[in-house]
Amino acid sequence: MRELDDTDLEILELLLENARRPYKELADHVGLTPPAVSDRISRLEDQGIIQGFTIDVDRERLRGDVPVLVELEARPDAVDDVYAAAADLPGVDTIAEGMDGRVIVHATLPDATARSWLESGLDLEMLTGYDVTLLARSDRTVGLSAEEFSLECVVCDKQITGDGVTRTVGGEVKTFCCPSCEARYVDEYEAHQEALE
């Protein structure tokens with residue numbers, strides 16, 4: 001398994017700016033051929049670093065909706081339900097759960113009050129309170145460094161360093177911290193396969 005190098009990080013940054021960039025354009029930026037860029041992107045997908053190519057819709061421009069940040073104070077027994085219900089509210093851009101159980105939602109509200117918007121998909125009895133902040137501006141900033149990426153061994157959950165091992169097992173790419181963990185995983189996999197046959 002290779003560690004991410006500067007070229008990998010540059011490719012990731014370019015894709016974060018515009019995931020629809022053609023391989024030729026990426027190749028021109030990083031000084032590689034388009035097939036070499038394609039191979040690197042495939043490897044990043046196999047390692048789970050790239051998990052898909054998405055679009056980022058600026059909901060504020062769609063209908064002139066109002067951007068808000070909503071903090072939902074869920075009852076301790078209702079945090080999971082509040083999180084799930086809030087994720088399904090119309091206009092939700094991102095959702096997060098704080099370590100204290102608060103559910104934080106970044107959304108754009110249609111022509112409605114915050115209360116009626118919340119009531120459209122959430123039982124307010126599950127909350128002890130909520131706070132709505134109208135946003136004047138919000139941006140996503142994405143910067144990458146090699147230190148941000150750490151793969152974990154599928155056997156022992158240790159962080160994998162540069163001398164880790166990658167192997168395809170059962171059609172899936174697996175990463176291991178060492179040959180010992182790789183052998184253990186493969187032995188268990190093969191034993192399960194034999195038992196199924």
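The values are calculated or read from the model by the stated rules, or taken from the named source; none is laboratory data. Please read all numbers here as calculations on a predicted model, not as lab measurements. Cβ coordinates were reconstructed from backbone atoms using ideal geometry, including for glycine residues, and neighbour counts include every protein chain displayed. Heavy atoms of the whole protein, side chains included, go into the accessibility calculation; ligands, DNA and RNA do not. Shrake-Rupley method; radii C 1.70, N 1.55, O 1.52, S 1.80 Å.
For the subset of the range 2-29 comprising residues that are of a type in the set (D, E, K, R) and in a loop (DSSP other than H, G, I, E, B), which member is nearest to residue 151 (Cα to Cα)? Quick ask: steps written out before the conclusion?
To start, the set of residues in the range 2-29 that are of a type in the set (D, E, K, R) comprises 2-3, 5-6, 8, 10, 13, 17, 20-21, 24-25, 28.
Within this subset, residues satisfying the condition of being in a loop (DSSP other than H, G, I, E, B) are 2-3, 5, 20-21.
Numbers: 2: 11, 3: 10, 5: 15, 20: 26, 21: 26 Å.
The residue in question is 3.
Whether any residue in the range 134-146 is modelled with pLDDT of 80 or more and more than 30 Å from residue 183 (Cα to Cα) is what I want to check. Yes.
Please go through the range 12-27 and give me each residue that is surrounded by 13 or more Cβ atoms within 10 Å (Cβ to Cβ) and more than 24 Å from residue 167 (Cβ to Cβ), ordered by number.
Answer for the range 12-27, where residues must be surrounded by 13 or more Cβ atoms within 10 Å (Cβ to Cβ) and more than 24 Å from residue 167 (Cβ to Cβ): 13, 14, 15, 16, 19, 21, 23, 25, 26, 27.
Please note which strands (runs of 3 or more DSSP E) are completely contained in the range 55-117 and include at least 1 residues that are modelled with pLDDT of 90 or more, more than 14 Å from residue 138 (Cα to Cα) and open to solvent by 60 Å² or more (accessible area, probe 1.4 Å).
Because the criterion is at least 1 residues that are modelled with pLDDT of 90 or more, more than 14 Å from residue 138 (Cα to Cα) and open to solvent by 60 Å² or more (accessible area, probe 1.4 Å), the strands (runs of 3 or more DSSP E) in the range 55-117 that meet it are 66-74, 92-97.
Given the conditions (1) modelled with pLDDT of 85 or more; (2) open to solvent by less than 60 Å² (accessible area, probe 1.4 Å); (3) of a type in the set (D, E, K, R), report the number of the one that residue 125 does not fulfil. Status for residue 125: all satisfied but (2).
Selection of the range 160-197 for residues being under 19 Å from residue 42 (Cβ atoms), basic (Lys, Arg) and open to solvent by 50 Å² or more (accessible area, probe 1.4 Å) yields only 167.
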